[in-house]
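The values are calculated or read from the model by the stated rules, or taken from the named source; none is laboratory data. Every value quoted in this text rests on a predicted model; they were computed, and no experiment measured them. No Cβ is skipped: glycine too gets one built from the backbone with ideal geometry, and neighbour counts run over all protein chains shown. These accessible areas exclude ligands, DNA and RNA; they are computed on the full protein's heavy atoms, side chains included. Shrake-Rupley method; radii C 1.70, N 1.55, O 1.52, S 1.80 Å.
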Amino acid sequence: MIFFSALFLLFAQTGNPGNFDTVFPAFDAVGSILLPFEYGVDGFAAKIERVREMGREPLGLVLTGGSARAYAHIGVLRVLEQAGIVPDFIVANSMGAVVGMLYAAGFSPDLIQETIEQIPPERLMSLVLPGHGGFLNAGGFIATVSKIVDSIDLKDTPIPILVVAEDLKTRRQVRFAEGDFARIMAASFAMPAVFEPALVNGHALVDGGSTNLVPVAIARDFSSRLIVSTTFYDRSMSYTNPLSILNRTFDIGKTRAGLQQIQDVNPFIIRNDVEHFSFMEFSDPHAIIRAGEMSASAALADIRTYLGTGLNSGLNGQAEALQARRDYYARRVPGMIRELVFGALPPFEPTARYKLRFKLSDAFGYSVMSLDDQSYFGLFLASAVGKIRLNAGMMAGLAGVAGHQWGAIAELIVNPADTLKFTSAARLWGDFDSYPAFFLQPKSAEIAGSLSWTSQTNLSIVPFVEGKTAVSLADGQLSWLARGGAKLSLISAKHLEFVGSLDFFVDNDDGSSLRYGPEGMLTLGYAEPLLGAVRLHGAMRQDFSANGLSFSAGDAFRGTTPSGTASALAVAGLDLVWFAKSLEFAAGEVVLVRNIEIGPYIDLAWKGFSASDGYAPDAFAVGLNANLSVSLGGLAPFDVACYAAVSSSGTLMVGLRSDRLHVRPSFVR
């Protein structure tokens with residue numbers, strides 16, 4: 001019986017081959033889907049073969065995709081290195097390729113972690129209109145990686161690495177072992193429909209993990225000695241949300257394909273304990289990295305048994321090259337990071353994208369470049385080349401501010417060197433008139449500009465000058481404002497928060513009387529990272545001309561401000577903050593709300609100072625404030641402050657601000 005069964009199986013496999021090759025020939029558009037494009041793979045294989053010529057089977061490391069969960073690979077690499085285990089080659093896709101490429105290029109695990117913590121990748125993405133196939137553009141990411149890693153071809157990494165992506169045009173897999181480092185990295189995580197497809201070598205590339213999270217079958221072509229570091233997903237979700245259903249359906253296929261390949265190849269597996277993390281948790285890498293360390297440490301004894309002797313036999317003869325690159329990056333990268341954190345622009349290749357721009361509320365603080373006291377919605381063409389950014393577009397006012405119902409705006413940002421930055425804007429304002437005659441009726445023109453430089457120190461100093469002038473097109477009346485001074489901020493202390501500024505202003509904002517004097521602000525805080533913070537803030541403005549000042553939207557008073565004018569204005573406040581990590585949530589695994597801070601506050605406001613009333617404040621507000629970050633897919637986050645307060649006048653006020661009332665590093669894209 002066994003003999004006849006075996007004979008039947010043999011006949012089924014060889015005697016009746018079917019007609020696949022006839023129906024789907026290799027040159028056919030559908031039949032060729034099974035044939036991958038390969039770039040530099042022969043050279044990649046030759047490097048691996050040299051290890052085999054040294055008398056041992058090469059050690060390959062496969063790093064799986066998993067979005068933010070792939071940060072666990074950093075912890076895995078750290079543990080393996082500490083045990084003296086360094087791979088002879090790496091095969092990776094999706095976010096696993098981001099970690100793997102940096103490591104292969106010569107970044108140590110510590111430097112990879114420092115880089116993603118100081119320059120979070122999620123803040124290097126820009127929301128754009130999906131005219132190029134996605135809602136997120138990775139131009140800022142590509143420019144930043146190119147600046148930090150320097151000009152390096154994928155084929156020149158000390159540790160050979162093969163990166164897998166998928167081509168939308170041909171539906172064929174693309175395997176890169178050579179090519180533009182930053183562009184291939186961007187292609188590796190280009191999640192379909194979220195990111196714009198990456199254009200490389202004529203391909204329109206998306207995340208290779210979108211079809212298979214674990215490219216271990218590819219690694220098997222080069223060695224039978226493989227370690228796979230997995231970052232799968234097993235988070236509970238609601239199946240009443242269509243987006244959750246779509247995400248889960250998408251996940252089923254790529255996870256099943258990955259598991260099937262792992263089962264077929266049977267490598268050594270490090271199953272990272274990150275399956276409960278959301279794929280969007282980019283802003284909390286430390287916890288994910290730590291989970292990778294613990295998972296690798298737990299598997300270390302079995303890894304030693306699997307590998308036997310010769311854990312690290314010279315890295316394909318590239319140990320010296322790897323150390324040289326590590327020394328180079330150890331000298332170079334911290335300085336590059338400081339430049340970017342303190343405001344330097346990464347050099348872009350020529351690009352232009354349409355973006356929606358809107359503002360529903362003012363920010364804390366004032367700048368001549370911001371559009372205060374009005375909300376708006378508009379369409380802009382954002383372009384960049386090198387260290388120059390140019391934006392131009394139209395907007396419609398949402399608050400019906402007279403003379404500002406619509407605006408045509410052009411903005412220029414230039415970063416000629418270091419952190420020196422010049423920003424300027426030309427604006428034409430008007431109202432909507434009768435249609436069709438003079439439908440867009442211009443009312444005024446405005447020019448604004450600022451120049452600043454930031455010292456790259458823990459206590460940074462930012463000297464600045466800025467100005468704005470506007471002219472009425474009806475009567476030629478001219479108004480202007482000029483400010484100059486310095487800001488100071490301490491952004492790297494673990495517990496202390498500090499930001500302050502002092503400047504001198506001159507203006508005739510009402511078009512007639514001149515006002516001038518000093519103004520300053522200060523924010524102090526003490527934070528316990530896992531618990532909360534106590535923050536104090538204050539600001540003051542003095543008018544030496546005695547023509548009078550009035551409160552504005554940027555004065556950080558969260559309540560009903562006193563009306564009228566005075567020669568001096570001041571605000572102060574105290575916040576008690578709880579870091580409400582337990583309240584963070586995701587909606588449909590698409591929108592992520594995190595970095596939540598909640599707590600009571602009291603704000604005080606003075607309109608002039610009088611000894612007769614004991615310098616008592618003219619108004620106060622007691623309320624509850626909530627700060628939070630909102631992002632799409634965990635990427636391109638923005639901050640919002642919401643508050644509700646009872647003012648001294650007895651009125652209840654609910655407000656919204658477009659940032660937070662404390663210092664946070666910013667990244668200009």
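Under the convention that each Lys and Arg Cβ holds +1 and each Asp and Glu Cβ holds -1, the size of the dipole of the chain around its Cα centre is about 600 debye. Ordering of 320-332, 400-412, 204-216, 155-167 by packing is 204-216, 155-167, 400-412, 320-332, highest average first (other Cβ atoms within 10 Å, averaged per residue). Solvent exposure of the range 29-135, expressed per residue, is 30 Å² of accessible area, with all protein chains present and a 1.4 angstrom probe. Rounded, prolate or oblate: which fits the range 81-233, taking a ≥ b ≥ c as square roots of the Cα gyration tensor eigenvalues, rounded meaning a/c under 1.5, else prolate when a/b beats b/c? Since a/c reaches 1.5 but b/c is at least a/b, the shape of the range 81-233 is classed as oblate.
Dipole of the chain computed with +1 at Lys/Arg Cβ and -1 at Asp/Glu Cβ about the Cα centre; of A363, A301, N201, farthest Cα towards the positive end is A301. The charge dipole of the range 378-488, taken about its Cα centre with unit charges on the Cβ atoms of Lys, Arg (+1), Asp and Glu (-1) only, comes to about 360 debye. Using the Cα gyration tensor of the range 235-289, with a ≥ b ≥ c the square roots of its eigenvalues, what is the shape: rounded (a/c below 1.5), prolate (a/b larger than b/c) or oblate (neither)? It comes out oblate by the Cα gyration axes. Calculation over all alpha carbon pairs of the range 143-235 in 10 angstrom steps from 0 returns a P(r) of 15, 43, 35, 7 percent. Taking the accessible area of the chain, probe 1.4 Å, and keeping the other protein chains in place, the carbon and sulfur fraction comes to 62%.
When the chain is described by a simple charge dipole with +1 on each Lys and Arg Cβ and -1 on each Asp and Glu Cβ, the residue from P242, L102, T144 located farthest towards its positive end is L102. Here's how it looks for G65: its modeled amide H is under 5 Å from those of N93, G96, which are all 5 or more places away or on a different chain.
Entry comment: accessible area of the range 363-420 is 41 Å² per residue, from protein heavy atoms only and a probe of 1.4 Å.
Over the range 514-630, accessible surface divided per residue gives 45 Å², non-protein components excluded, 1.4 Å probe.
Relative to the longest principal axis of the Cα atoms of the chain, the long axis of helix 41-53 makes an angle of roughly 60 degrees. Taking Cα centre as origin and charging only the Cβ of basic (Lys, Arg, +1) and acidic (Asp, Glu, -1) residues, the dipole magnitude of the range 478-578 rounds to 180 debye.
Of the residues T423, S658, G179, the one whose Cα sits farthest towards the positive end of the charge dipole of the chain is G179 (charges of +1 on Lys and Arg Cβ, -1 on Asp and Glu Cβ, taken about the Cα centre).
For the pairs K169/K355; K147/K421; K487/K581; K421/K487; K47/K147, flag any whose C-alpha to C-alpha distance is greater than 23 Å.
K169/K355; K487/K581; K47/K147
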